[in-house]
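Chemist: Sending over a structure as structure tokens; questions will come in a sec.
The values are calculated or read from the model by the stated rules, or taken from the named source; none is laboratory data. This one's a predicted model, so the numbers in the text were calculated from it and none came from an experiment. Every residue, glycine among them, receives a Cβ derived from its backbone with ideal geometry; neighbour counts consider all protein chains shown.
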Amino acid sequence: MNYPQAIDFLSTLIDYERWVYRNYSFKLDNYFEFLSKIGNPQKQLKRVTLVAGTKGKGSTAIMLAKILQDHGERVGLYTSPHLLDYRERIGVNDQKISASRFATLLNDLKPAILTHEPRITFFEALTTITFLYFLDQETTVNVLEIGVGGRLDATNVTEPEISVITRIGYDHTRMLGKTLKRIAQEKCGVLRPGRPAIIAAQRPRVRSVIKEAVQERGAKGIWWQDDFNAQTIEDNLNGLKMRYQGLTMDAEFTLPLIGTHQIENAAAAIAAAEMLIHEIKEKKVHKALANLKLPARIEIIQDRPAVILDMSHNPESATTLRKTLNKHFASYPRRILLIGITRHKQKRRIIETLAPFFSEIYVTQAKLPRAESTQNLLKLCRKMHRNCRCMDSVADGVEDILDSLDADGLFVISGSIYVAGEALETLKARERANV
């Protein structure tokens, strides 16, 4: 089995990321049974950190992994979804899994997958590959981003040494529940008795739900504001400067990112690192954060015209994007949004948050069965903006908009990671063509 064949096989499994299923059945019993048949690799992983939340969990996981790596740890990092290649999800010390190793591990797992009924899902298979790869690579610490929710996510079969819960908001409401209380309760499934739990900045009502869960489960809560916090010192297009005050450290750090929300994420990552590293070093934290790369998180791809790649797929992320645009890009004379959103997301809230900032909006559709149709998005968009148009594909939208944009224009691509991925592919192709 080669890598393309491995991806083809994975695509035969139930994939809740790409497809719409009427009857969601999230239970871990079947996955636990499958893992027991192959020797329970999840139990052999060293020093697991689970990162849950609605907003910022991927950024926080990446930041934490980088800090740990710069302190000499061999760090396994599992994130989802991906922009261009499934292998982006699985890495050790900044190196993604090789195509050949990915294919070999899946080929070894294939007989167990085929003989186990009911069949495990796409995400469970990918998570199993991750466990086996991290064991193979002899990682000393492993940072796992929760896929959806927490309680019933495949990564939650592990026994974390520490858990992190980033900011919680409305997302995946069909699966997790329609109230913040229900969503927060699902996220709290990552808590463990007697183990530290880093709780990032939260709405008051969410914080109270988490506090109750921490007490019920006997976890050791480490709270934003009570135990660690951070303040913005500088916020400009060159990046952020922050002051962090935590469990053992009081220091200033710089981030090559835009959007002050990243300061909250960095604070949660540093707090988690303080719990995991015996003697945390300020210089090493500074180096880790100063060299960060967070693809498609309000990422400036080019300057003239300004092109921003983002993946705001819920109202909270859209609000963050809008605040950042208001602060840094309001003076641009022509401001264009290319947006595509997956079905069952809170499309109206996302669009009504972003629409007033832009002079033109182009709606599109990623190559994804779960993507909302351009016609439905266009109808919705026209209720909130007078200058909305339709693009048949993400690639067409990127090409046409860039060809029409002057050097002083702004072009923002957002709505989902699938749109961001297809846009990035097109941007890279344009760059190669112009070399």
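Chemist: What number goes with the only condition from (1) more than 26 Å from the chain's Cα centre (by Cα); (2) modelled with pLDDT under 95 that HIS344 does not pass?
Modeler: (1)
Chemist: Going through region 55-90 one residue at a time, which ones are of a type in the set (Gly, Ala, Ser) and either within 20 Å of LEU135 (Cα to Cα) or free of Cβ contacts under 8 Å to residues at least 40 places away in the same chain (or both)?
Modeler: Within region 55-90, the subset of a type in the set (Gly, Ala, Ser) is 56, 58-59, 61, 65, 72, 76, 80.
Scanning region 55-90 gives ALA61, ALA65, GLY72, GLY76, SER80.
Chemist: If ASP171 passes every condition in (1) assigned to a loop (DSSP other than H, G, I, E, B); (2) at pLDDT 95 or above but one, which one does it miss?
Modeler: (2)
Chemist: Let me ask you something else. Kindly provide the set of residues from region 269-313 that are of a type outside the set (A, V, I, L, M, F, W, C) and buried (at least 20 other Cβ atoms within 10 Å of the Cβ), ordered by number. Explain how you work it out, then say what you get.
Modeler: First, the residues of region 269-313 that are of a type outside the set (A, V, I, L, M, F, W, C): 274, 278-279, 281-284, 286-287, 291, 293, 295, 297, 299, 302-305, 310, 312-313.
Result: GLU274, ARG297, ASP310, SER312, HIS313.
Chemist: Please go through region 72-95 and give me each residue that is surrounded by fewer than 19 Cβ atoms within 10 Å (Cβ to Cβ) and more than 18 Å from GLY147 (Cβ to Cβ), ordered by number.
Modeler: Listed by number, the residues that qualify are GLY72, ARG74, LEU84, ASN93, ASP94, GLN95.
Chemist: More than 25 Å from SER98 (Cα to Cα), in contact (Cβ under 8 Å) with a residue 60 or more places away in the chain and part of a helix (DSSP H, G or I) - does that describe any residue in region 190-202? Talk me through it step by step, then tell me what you get.
Modeler: Filtering region 190-202 down to residues more than 25 Å from SER98 (Cα to Cα) leaves 190-202.
Filter once more, keeping what is in contact (Cβ under 8 Å) with a residue 60 or more places away in the chain: 190, 196, 198, 200-201.
Subsequent filtering for residues that are part of a helix (DSSP H, G or I) retains 190.
Yes, the conditions are met somewhere in region 190-202.
Chemist: Going by the conditions given, is GLU316 touching a Gly at 6+ places or on another chain (Cβ under 6 Å), in a helix (DSSP H, G or I) and assigned by TED's automatic domain parsing to the domain that holds ALA420? Before the answer, list the steps.
Modeler: Working: touching a Gly at 6+ places or on another chain (Cβ under 6 Å): yes; in a helix (DSSP H, G or I): yes; assigned by TED's automatic domain parsing to the domain that holds ALA420: yes.
Judged against the criteria, GLU316 is a match.
Chemist: Got a number for residues in region 97-150 being over 20 Å from SER80 (Cα atoms), assigned to a helix (DSSP H, G or I) and among the basic types (Lys, Arg)?
Modeler: Total satisfying the criteria: 1.
Rundown of residues vs (1) part of a helix (DSSP H, G or I); (2) at pLDDT below 95; (3) not assigned by TED's automatic domain parsing to the domain that holds GLY150, yes/no style:
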position: PHE9; (1), (2), (3): yes, no, no
position: ASP15; (1), (2), (3): no, yes, no
position: TYR21; (1), (2), (3): no, yes, no
position: PHE26; (1), (2), (3): no, yes, no
position: TYR31; (1), (2), (3): yes, no, no
position: GLN42; (1), (2), (3): yes, no, no
position: LEU50; (1), (2), (3): no, no, no
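Chemist: Still on this structure, I have one more. Please enumerate the residues belonging to region 59-84 that are part of a loop (DSSP other than H, G, I, E, B) and in contact with a Gly (Cβ under 9 Å, 6 or more places away or on another chain). If you could, list the steps in order and put the result at the bottom.
Modeler: Here is the first cut: in region 59-84, the residues part of a loop (DSSP other than H, G, I, E, B) are 71-74, 79-84.
Matches in region 59-84: THR79, SER80, PRO81, HIS82, LEU83, LEU84.
Chemist: Within the bounds of region 360-373, is there any residue that is touching a Leu at 6+ places or on another chain (Cβ under 7 Å), closer than 14 Å to GLY415 by Cβ and part of a loop (DSSP other than H, G, I, E, B)? Show your work before the answer.
Modeler: Going through region 360-373, the residues touching a Leu at 6+ places or on another chain (Cβ under 7 Å) turn out to be 361-364.
From what is left, the residues that are closer than 14 Å to GLY415 by Cβ are 361-364.
Within this subset, residues satisfying the condition of being part of a loop (DSSP other than H, G, I, E, B) are 364.
Scanning region 360-373, I find at least one residue that is touching a Leu at 6+ places or on another chain (Cβ under 7 Å), closer than 14 Å to GLY415 by Cβ and part of a loop (DSSP other than H, G, I, E, B), so the answer is yes.
Chemist: Looking at region 94-113, is at least one residue under 16 Å from LEU292 (Cβ atoms), in contact with a Leu (Cβ under 9 Å, 6 or more places away or on another chain) and touching a residue at least 24 places away in the same chain (Cβ under 8 Å)?
Modeler: Applying the first criterion (under 16 Å from LEU292 (Cβ atoms)) to region 94-113 yields 94.
Applying the additional criterion that residues be in contact with a Leu (Cβ under 9 Å, 6 or more places away or on another chain) yields 94.
Of the ones still in play, those that are also touching a residue at least 24 places away in the same chain (Cβ under 8 Å) are 94.
Checking region 94-113: at least one residue is under 16 Å from LEU292 (Cβ atoms), in contact with a Leu (Cβ under 9 Å, 6 or more places away or on another chain) and touching a residue at least 24 places away in the same chain (Cβ under 8 Å).
Chemist: Which of the residues belonging to region 220-252 are outside any strand (DSSP E or B) and under 16 Å from ALA200 (Cα atoms)? Lay out the reasoning, then the answer.
Modeler: To start, the set of residues in region 220-252 that are outside any strand (DSSP E or B) comprises 225-227, 237-238, 246-249.
Scanning region 220-252 gives GLN225, ASP226, ASP227, GLY246, LEU247.
Chemist: What's the number of the only condition in (1) touching a residue at least 40 places away in the same chain (Cβ under 8 Å); (2) under 21 Å from ALA318 (Cβ atoms) that ILE263 fails to meet?
Modeler: Tallying (1) touching a residue at least 40 places away in the same chain (Cβ under 8 Å); (2) under 21 Å from ALA318 (Cβ atoms), ILE263 fails exactly one: (1).
Chemist: Give the residues of region 317-338 that are crowded, with 22+ Cβ neighbours inside 10 Å and either small (Gly, Ala, Ser) or within 18 Å of the chain's Cα centre (by Cα) (or both), sorted by residue number.
Modeler: Here is the first cut: in region 317-338, the residues crowded, with 22+ Cβ neighbours inside 10 Å are 317-318, 320-321, 325, 336-338.
The answer is SER317, ALA318, THR320, LEU321.
Chemist: Considering region 381-425 alone, what residues qualify as being surrounded by fewer than 19 Cβ atoms within 10 Å (Cβ to Cβ) and assigned to a helix (DSSP H, G or I)?
Modeler: Within region 381-425, ARG382, ALA395, ASP396, GLU399, ASP400, LEU402, ASP403, SER404, GLU425 meet the criteria.
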